[in-house]
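Throughout, read-outs are computed from the coordinates displayed, never taken from laboratory work. Since the model is a prediction, treat every value here as computed from it, not as a measurement. Ideal geometry is used to build each Cβ from the backbone, glycine not excepted, and the neighbour counts take in all protein chains shown.
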Protein chains: 2
Amino acid sequence: MALKVGILGLGTVGTGVAKMLLDTQGRHSLLNELEIAKVGVRSLKPRSVSLPDALYTTDLESITTDPDIDIVIEVMGGLEPARSLILQAIDHGKHIVTANKAVISRYGEEIYEAATAAGVYVMIEAAVGGGIPVITPLKQALSVNRIQAVMGIINGTTNYILTRMQTEGGDFDSILTDAQQLGYAEADPTADVDGLDAADKIAILGALAFGGRINRDDIYCEGIRNISAADITYAKNLGFVIKLLAIAKLPNEPDLNQNLNQNLNDIQVRVHPTLVPISHPLASVNGVNNAVLVEGDPIGQVMLYGPGAGEGPTASAVVSDLLQIAASPTQPEQTNPLLVCSHNHTLSIVPNAEVVTRLYVRLMVKDTSGVIGKLGTCFGNHNVSLESIVQIGIQNDLVELVVVTHEVPEGSFQKALAEIRQFPEVIEIPSLLHVL
Amino acid sequence: MALKVGILGLGTVGTGVAKMLLDTQGRHSLLNELEIAKVGVRSLKPRSVSLPDALYTTDLESITTDPDIDIVIEVMGGLEPARSLILQAIDHGKHIVTANKAVISRYGEEIYEAATAAGVYVMIEAAVGGGIPVITPLKQALSVNRIQAVMGIINGTTNYILTRMQTEGGDFDSILTDAQQLGYAEADPTADVDGLDAADKIAILGALAFGGRINRDDIYCEGIRNISAADITYAKNLGFVIKLLAIAKLPNEPDLNQNLNQNLNDIQVRVHPTLVPISHPLASVNGVNNAVLVEGDPIGQVMLYGPGAGEGPTASAVVSDLLQIAASPTQPEQTNPLLVCSHNHTLSIVPNAEVVTRLYVRLMVKDTSGVIGKLGTCFGNHNVSLESIVQIGIQNDLVELVVVTHEVPEGSFQKALAEIRQFPEVIEIPSLLHVL
């Protein structure tokens with residue numbers, strides 16, 4: 001018996017989904033058991049997909065409350081009315097497929113509790129990584145491992161900008177403008193370039209990887225506006241590329257000498273530009289592509305790579321969720337345990353000062369003898385172990401230095417840096433970046 | 001109610017699986033419903049995993065015929081008795097989880113027909129790509145696409161050797177010897193270096209991607225023994241790295257001018273060393289890592305990357321299959337349609353001469369004027385369009401030339417080359433390689 005599908009929103013993704021469901025030849029045969037019953041749109045106008053006129057409605061609640069509809073696909077985006085419509089559809093016993101990372105990362109708790117109570121599925125493969133299968137592997141194949149880290153390049157716009165800065169040597173502002181003209185960045189680029197979109201997504205990935213909820217507001221989030229062409233060049237000379245990484249990981253094994261009182265149940269969840277060693281699998285992920293790297297025991301590191309956005313890839317992810325629902329028991333008393341949400345506690349997030357990480361800092365100092373020794377001693381006094389201090393050049397009588405640390409507690413590093421800012425020799429600290 | 005598991009073979013992979021099942025904390029909670037009931041071994045001796053002595057048996061058929069056992073894990077390897085034991089277990093109503101690509105690529109038809117008749121699952125995630133989730137995504141998430149190609153680096157030994165040749169500049173023989181001493185290559189390296197293992201695996205991936213059986217013996221298979229340090233260097237200068245690729249793909253859109261009479265239902269299935277452009281995602285897959293690239297409509301290209309072998313990764317794949325079985329209906333009348341084999345016809349494979357591909361050939365010719373023109377004319381007479389003819393150097397009064405073609409029918413290229421071999425100026429053709 002066919003499952004009836006209602007689609008909320010017929011923009012890029014919704015159109016891609018409709019095209020796939022209307023033309024199933026060469027695709028998994030189970031897709032023939034899905035039937036588009038209604039499509040909710042803001043206004044009735046000609047569309048690039050040919051659906052009978054009778055299917056369109058501007059009354060979105062007529063979809064979420066329709067007793068004949070089995071699955072509601074929410075691809076309208078935005079927080080409201082998307083959230084309310086999802087909750088209403090769940091209350092009416094419908095399974096949900098959504099690409100809405102903003103809603104899931106903020107209202108996941110409310111939505112999954114409602115879904116569990118109603119015995120329906122909420123499927124979100126399209127919310128992270130476009131077409132890349134990443135949500136399902138995290139919930140299923142990779143979940144037999146003890147996950148130590150999930151991290152990745154999960155915002156295509158910033159990766160496109162950083163890749164062009166890397167290959168062309170240009171500055172952020174001019175490439176952003178160009179990216180906006182080419183359609184790779186939005187008119188208001190805030191959500192992308194300030195890391196907010198990546199933070200939504202890592203909240204979702206981290207919750208799945210570590211089996212607990214993550215408070216979206218607790219995620220440290222730093223965008224790429226301050227990345228300069230100079231830092232990209234210096235990073236390259238040191239063997240790194242700069243990528244906007246979203247990271248959720250268990251803290252490193254605590255070093256007994258550091259006495260950090262780390263709670264091993266806490267996780268680090270962060271979004272920031274990061275110096276990635278050029279030999280690292282994430283270093284060669286370029287352009288608008290996304291990649292998610294999962295590290296677990298005993299699997300080691302696996303990486304899932306592909307197009308992070310766009311009509312085709314995102315539609316593929318939505319339809320793969322429909323396939324999973326079509327193949328699963330849809331009676332509340334016998335749901336598929338691999339599709340339901342299985343956690344209901346909130347994970348606590350390691351405070352920034354306790355995060356143990358490598359760091360890169362660039363300083364402009366007066367050209368006086370002994371300044372490198374003075375810096376090294378100050379870091380040493382705070383137990384900040386250094387990998388290198390390199391003099392990069394001289395500008396306007398000032399010496400430009402780059403310092404790269406070993407793994408150190410970020411709080412100790414910040415204390416050292418606060419002292420160093422007061423040194424009379426230190427004129428400016430133009431950049432401070434994390435190192436993977 | 002716990003599912004009882006019997007394990008055939010307690011080598012590297014079997015040991016890894018047992019360790020995971022005995023220590024499920026931090027893994028998916030469904031694993032607690034799996035219980036190791038029996039372990040079949042060749043001889044009773046101390047093992048690195050602590051199981052009650054009573055579980056061990058050297059009578060393997062006592063496992064495959066045990067009415068209490070629900071799932072048989074075959075991780076002994078080799079063709080026989082593995083094949084017979086798998087068939088016997090199926091006849092006794094047991095689900096199968098196996099890492100045995102040799103058996104599945106040769107006897108898949110027999111095994112899946114028996115499994116379909118018995119209403120049991122045959123799960124093979126561990127047969128290709130070690131821990132990388134690749135079989136399940138091909139059967140499920142990616143199957144909503146029309147697949148155009150699946151290709152990858154799916155043999156870790158050859159990728160390790162080629163990576164070292166690339167980075168160190170050494171020759172094949174010396175690096176193979178070193179790899180054998182380090183345990184990265186077997187004493188008899190044939191199955192790896194001659195591409196046979198990769199051919200087993202691409203037979204499996206191609207069957208899943210294109211929904212039909214592939215006759216293992218029809219796969220063109222060329223290993224890496226003839227790759228020289230010189231070709232690696234020349235390839236690098238042209239912007240390529242050399243990788244052993246296994247490829248299953250639909251033919252390119254037929255060029256109406258070529259009049260090839262290609263049947264669009266035929267697929268190309270091949271294993272050969274390949275010049276991969278350095279910007280291609282597969283080019284940066286190094287060492288023992290594996291990666292599988294899937295190209296489909298509308299998803300575009302996705303790549304799944306990770307450790308292709310080893311105790312931990314392979315055990316993770318086996319246990320992920322157990323998880324899928326544990327989460328699925330196990331009554332024959334209601335099997336999970338995403339886990340069963342859904343094809344029962346055999347795909348036909350495009351003959352070599354009709355494969356359309358780019359090619360790289362290196363020639364040693366006498367230093368006479370007009371020889372490049374003569375070569376170019378001969379290729380042109382056979383409609384072989386060239387991308388470049390480059391003089392690489394001079395050795396012992398001979399000029400060394402490298403020719404790279406556009407996409408051409410391999411048969412036309414071979415005809416041109418047969419003529420060129422007869423040119424009095426052409427002394428030697430040391431290498432002929434495919435180009436991605």
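Side notes on the structure shown:
- Largest GNM mean-square fluctuation among A:Q88, A:Q334, A:Q391, using chain A with Cα springs under 10 Å: A:Q334.
- Legend: calculated FRET efficiency, A:S388 to B:I278, from the Cβ-Cβ distance at R0 = 30 Å, rounded to 0.05, equals 0.60.
- Lys, Arg +1 and Asp, Glu -1 on Cβ, resulting dipole of the protein assembly as shown about Cα centre, debye, nearest 20: 340 debye
- With K and R counted +1 and D and E -1, the other residues having a Cβ less than 14 Å from that of B:L398 yield a net charge of -3.
- For the rotation carrying A onto B, the chain A residue whose Cβ lies nearest the axis, with the distance in whole Å, reads A:S284, 2.
- Counting 0.36 nm for each residue step from A:T58 to A:N352 and taking away their Cα separation leaves a gain of 101.2 nm.
- Against the main long axis of the alpha-carbon atoms of chain A, helix A:311-326 sits at an angle near 60°.
- Calculated FRET value between A:H343 and B:N32, using beta carbons and R₀ = 22 Å, to 0.05: 0.85
- Distance-filtered residues of segment A:10-39 - backbone nitrogen under 18 Å, label point 7 angstrom along A:S50 Cα→Cβ: A:15-25, A:36
- Here is the list for segment B:1-98: trypsin sites (Lys or Arg not before Pro) lying in DSSP coil, each with at most 12 other C-beta atoms within 10 angstrom of its C-beta, are B:R42.
- Take B:G78, move 7 Å from Cα toward the beta carbon, and the resulting point lies 6.7 nm from the same point in each other copy, nearest first.
- Shape category assigned to the protein assembly as shown from the gyration tensor of Cα positions, a/c cut at 1.5: rounded
- When the Cα atoms of segment A:354-435 are aligned to their principal axes, the ranges along those axes come out at 37, 21, 17 Å in descending order.
- Helix A:12-22 vs. chain A, principal-axis angle (Cα, 0 to 90°, nearest 10): 40 degrees
- Segment A:173-231 and segment A:336-380: distance between their alpha carbon centers, rounded to Å: 18 Å
- The residue list B:A89, A:G77, A:M151 was ranked by how far each Cα lies along the charge dipole of the protein assembly as shown toward its positive end, using unit charges on Cβ atoms, and A:M151 comes out on top.
- When DSSP beta bridges are restricted to pairs lying wholly in the protein assembly as shown, around 70% turn out antiparallel.
- Rounded to the nearest 10 degrees, the inclination of helix A:371-381 to the longest alpha-carbon principal axis of chain A is 60 degrees.
- Working ranking of peptides B:126-133, A:151-158 by packing, defined as the average number of other Cβ atoms within 10 Å per residue, highest first, is B:126-133, A:151-158.
- When only alpha carbons are used to place a centre, segment B:57-130 and segment A:100-121 end up 40 Å from one another.
- Long-range HN-HN contacts of A:L34 with modeled amide H, under 5 Å: A:L3
- With the simple model of a label 7 Å out from the Cα in the direction of the Cβ, B:D218 to A:Q25 spans 2.2 nm.
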